[in-house]
């Protein structure tokens, strides 16, 4: 509609003569988008973008829809005809429109989320997990039919379900999906990174737009799969994706840009596709033929006469050097026993790219960059940066590569310097200035990022800042009567409705992320008031997701933190240099249910202020003491890192 109608002089003249036209960036104003998307869904039975709303001057809507062509066609009303009809009605039957607006607004305001009185039961977890497994595409991975979205938060949920329940099938669902997405064209095999979604069932033809949040969430998912299975190709895919983000979506100051467009020179996908002759002209006949075969670039093509590079034709076992059916020579062995065995023996698989392909790919990438222009959306959003900071911090925690922690820390400093003021956050930064009063997603994702930075570095400053912003989030967004967080703050611009969102869409909901943040900080601090807020939030979630738990997977990840046993590890160290051993231990194991606090001579006072109960853990100058606790009841301490690792493995590994 932007090109077809809003940039058209005839439409613009009519709009400006009779209407006040307002164009809203849904990324900068998700509160407005949420309110009026609910209107559209209620009026039409569906929603989507572009979203078109006609409203009264006081924000009350009376008509909603999505896409309208400039002129009517194929039983679809045209925007010009619609504008004329609304103008005529406004001039002749204005009271009808006002009554309609009043009725819609009253109906919207009655959609008040009930108080959280739901029971926290494992049924919610099982219903969601088995629902996803039933919906799983066994041939190509993913869920349902085309179009297919990565939905990494669903995969992260299934990884935890596999972990807690020792569930073979759940892990296989995740692995098949991750393998298939990498092999398909949704993954950019030349420049790396993932596109928004696949238009077909086998992940071959994507909508070529690359979003920051998709890549951040997928980095986390591949890293977790690597940590559980120790399959090397998952680590490599995560590293490739981070290479893309650092090269294409990172500003000089460290903030992360929003996206890269799908179109080049007005043609979707033009930037990404090739012909065999084009590659041979570039690389020469021998190397070009080899490259074309490796990435399935053919004369027939797979997208409008050209080819999207892909690896669908190659089995993942031959790509990665691992046979998933006969790991360690035993086809009947449990997935979990195989994974534990690979971890114990430190086995690694082969590389996804051989040296020859790696060299040729870089030549093709440089050629592609200079062949056509690809527009970049260089907005820097606080919420999406929180996702990518979390991804890079987690990468450092698992892979121990210093550059990933540096990238996460630099982006955090960007938010501190440009997108925050004391304990307040802004939404958006571009061209040297920040704007927009922070919404729930900004606070929730940034707090999650700060917690992840702490867990990666064990630097208490991150945890203290996470607590400060979480307290601000509770004060500005939390419903202290019924539970749940509102989308926009109590001191923000008022709209006709103040929604609470729980549904996980392209990214997890702010409410689900806030629940995870609260749960973590309650465990770290032992603060009774924070625990009470956490309980209210979890009860609110349980009371509102029971009908469709599979649409709220990130909320379920938070609920797992109370439905399954949690573990608290308190490390009392005579020498701060021993922190390195703790970080290395944590990198080796998937421990989603373990929180870690480290007490040293250097931080004991600030740790006591943050978590008062740690006063009772005395430092011995001669040796360390590691206290592993379950549900706040502690075992006798062990005094060396090997014993601690043995204890952790005994309590968490697949058996």
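Points to keep in mind about this one:
- Added length on full extension, which subtracts the Cα-Cα distance from 0.36 nm per residue, residue 353 to residue 72: 96.0 nm
- Put simply, the range 387-517 fits an ellipsoid with semi-axes of 26, 17, 13 Å; these come from the alpha carbon gyration tensor as the roots of five times its eigenvalues, largest first.
- Extension gain, residue 606 to residue 402: 0.36 nm times the residue separation minus the Cα-Cα distance gives 70.8 nm.
- Shape box of the range 540-652 [Cα atoms, principal axes, largest first, Å]: 56, 31, 23
- Here the spin labels are modelled as points 7 Å beyond Cα on the Cα-Cβ line, and at residue 506 and residue 281 they lie 3.5 nm apart.
- Distance between the modelled labels on residue 265 and residue 313, one decimal in nanometres: 2.7 nm (7 Å Cα→Cβ projection).
- Across the chain, Cα pairs under 8 Å and at least six residues apart give a relative contact order of 13 percent.
- Under the criterion of Cα pairs below 8 Å and six or more residues apart, the relative contact order for the range 152-217 equals 23 percent.
- Debye log10 I(q)/I(0) at q = 0.15, 0.18, 0.24 Å⁻¹ for the range 7-117, Cα point scatterers: -0.72, -1.03, -1.61
- Protection-proxy order for peptides 638-647, 232-241, 33-42, each taking the mean of Cβ atoms within 10 Å per residue, highest first: 232-241, 33-42, 638-647
- Estimated translational D of the range 508-594 in µm²/s (Stokes, Kirkwood radius over Cα pairs; 37 °C; 0.692 mPa s): 225
- The stretch between residue 300 and residue 481 holds 58.9 nm of extra length on full extension. This uses 0.36 nm per residue minus the Cα-Cα distance.
- Taking every C-alpha pair closer than 8 Å and separated by at least 6 residues, the mean separation divided by the residue count of the range 19-118 gives a relative contact order of 19 percent.
- More than 34 angstrom apart: percent of Cα pairs within the chain: 48
- Value of [θ]222 nm, deg cm²/dmol, for the chain, DSSP H segments ≥ 4, -39500 (n - 2.57) each, nearest 500: -16000 deg cm²/dmol
- Residue 491-residue 290 pseudo-label distance in nm [points 7 Å out on the Cα-to-Cβ vector]: 6.4
Read-outs throughout are calculated quantities, based only on the coordinates presented, and are distinct from any laboratory measurement. Since we're looking at a predicted model, the values are computed, not measured. Here Cβ is always computed from backbone atoms with ideal geometry, including for glycine, and neighbour counts include all displayed protein chains.
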